[in-house]
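Working notes, structure below.
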Amino acid sequence: MLQNIKIFQKILFSCFFVTAIPLAGFIYQISVNGTEQKNIVEQNLLQSAKVIGGQIDSWVDTNLNNTSLLASMDAFKNMNAEAQVPMLKAAKQNLEWVSLIFVKDPLGDAVARSDGKPLQNYSDREYFRQVIAGEKMGQQVLIGKLKPVPLHCFAIPIEKTIGQTVGIITQCSSLASISSYVTTSKIGNSGYAFLVDSKKRLVAHGGERSKLLGKLQYVGEHPALKITENAVSIINHEGKDRVFVTRSVGPDWTLVVQQDYDDAYENYLNAKINAIALIVITAIITLLSSFLVSYNISSPIKELTKITDLISKNAFSGSVIGQDRKDEVGELAKAISRMAKTIDIAIRRLKKLG
């Protein structure tokens, strides 16, 4: 089989094959490094979501613990409104983001408030209806009346004995603290986070819509809210490839961390481009070098073959090429030149004898 392949092709293939082995190893190593870099990027995004989500969960736990402590006190179990008011005021002062804490009876009528304002009925509120329906905690995100900022109101039952609900305690807190966690969290040059409540409404946004303009915008159609949680997903959104991570936080909220693909994978993409360029350049140089080596050896051999054929036919006159070379081809050319002279002398002698 190899005998049917010309020497030029043999040399070219051999040179390229010898170089291709380390080149293949280099390509494999680039692939491994690329995978590692992608994993690092994804872990950074997941970690960002975890850190921001942890801050939100801590904020929610603090509020819930604060209210649960009040609900466990005798003044609340006995629905003693007069004794409740100073406790509600002290609890409000303890947490700067709390705007109001109040107690309602099972019909929704307020019996005590931390701000001393007139009592009213709250039976139409979502958080109240959820608790009355048997939920351990009711919640609702709404826009405050005095200040157009998002408020989170949650309610828990006050039980005199297990299963005997005598009232409901509600705490309404400004989401300014949570918003600061979200809006000040920057990921790379283009990354940010946003927070969505249980009704898929935007309550905090770290990007261009960081000011919510006094309303809760529905964002339920956002593609990030349809992906698997705690996993990195790449989605083309608004004409650009973006990387998303979602995480459940707080009371049935969703935190979304996003970053432009080109920004997130900048180092990986640059390394990939440089690697491809290096591979292409190496392949071109290898191919060109192999061709030159093959041509430098096979071309003179082909010429010497033609000369040898002419010599055998006594049709050659002139000088044999390649005698100035210092390699084996040069030695072959010199040998053919000596052979040509020997044949020429022999032929002349034969002619004289004839």
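Of all residues in the stretch 40-89, those satisfying the criterion of being open to solvent by 60 Å² or more (accessible area, probe 1.4 Å), over 17 Å from GLY206 (Cβ atoms) and among the aliphatic types (A, V, I, L, M) are ILE40, LEU69, MET73, MET87.
Within the stretch 103-128, residues that are farther than 18 Å from GLU159 by Cα sit with their Cβ atoms under 6 Å from residues that are among the polar types (S, T, N, Q), at 6+ positions apart or across chains, in these pairs: GLU126/GLN140.
Filtering the stretch 267-277 to residues that are in contact (Cβ under 8 Å) with a residue 24 or more places away in the chain and more than 13 Å from ILE234 (Cβ to Cβ) leaves ASN267, ALA271, LYS272, ALA275.
Selection within the stretch 101-146: residues that are among the acidic types (Asp, Glu) and more than 49 Å from the chain's Cα centre (by Cα). The member of this set that is least open to solvent (accessible area, probe 1.4 Å) is ASP105. Does ASP252 satisfy being within 30 Å of LEU225 (Cα to Cα), modelled with pLDDT of 80 or more and exposed (fewer than 13 other Cβ atoms within 10 Å of the Cβ)? Spelling it out, ASP252 is indeed within 30 Å of LEU225 (Cα to Cα), modelled with pLDDT of 80 or more and exposed (fewer than 13 other Cβ atoms within 10 Å of the Cβ).
Applying a threshold of 6 Å to beta carbon distances and a minimum spacing of six or more residues, or different chains, the list of pairs starting in the stretch 67-90 at a residue that is outside any helix (DSSP H, G or I) and ending at one that is small (Gly, Ala, Ser) reads MET79/GLY167.
Among the residues making up the stretch 320-354, a single one is closer than 14 Å to LYS306 by Cβ, open to solvent by 60 Å² or more (accessible area, probe 1.4 Å) and not in a helix (DSSP H, G or I): ILE321.
The values are calculated or read from the model by the stated rules, or taken from the named source; none is laboratory data. Source: prediction; values computed, not measured. Using ideal geometry, Cβ is built from the backbone for each residue, glycine included, and neighbour counts are taken over all protein chains shown. Ligands, DNA and RNA are excluded from the accessible area calculation, which covers all protein heavy atoms including side chains. Shrake-Rupley method; radii C 1.70, N 1.55, O 1.52, S 1.80 Å.
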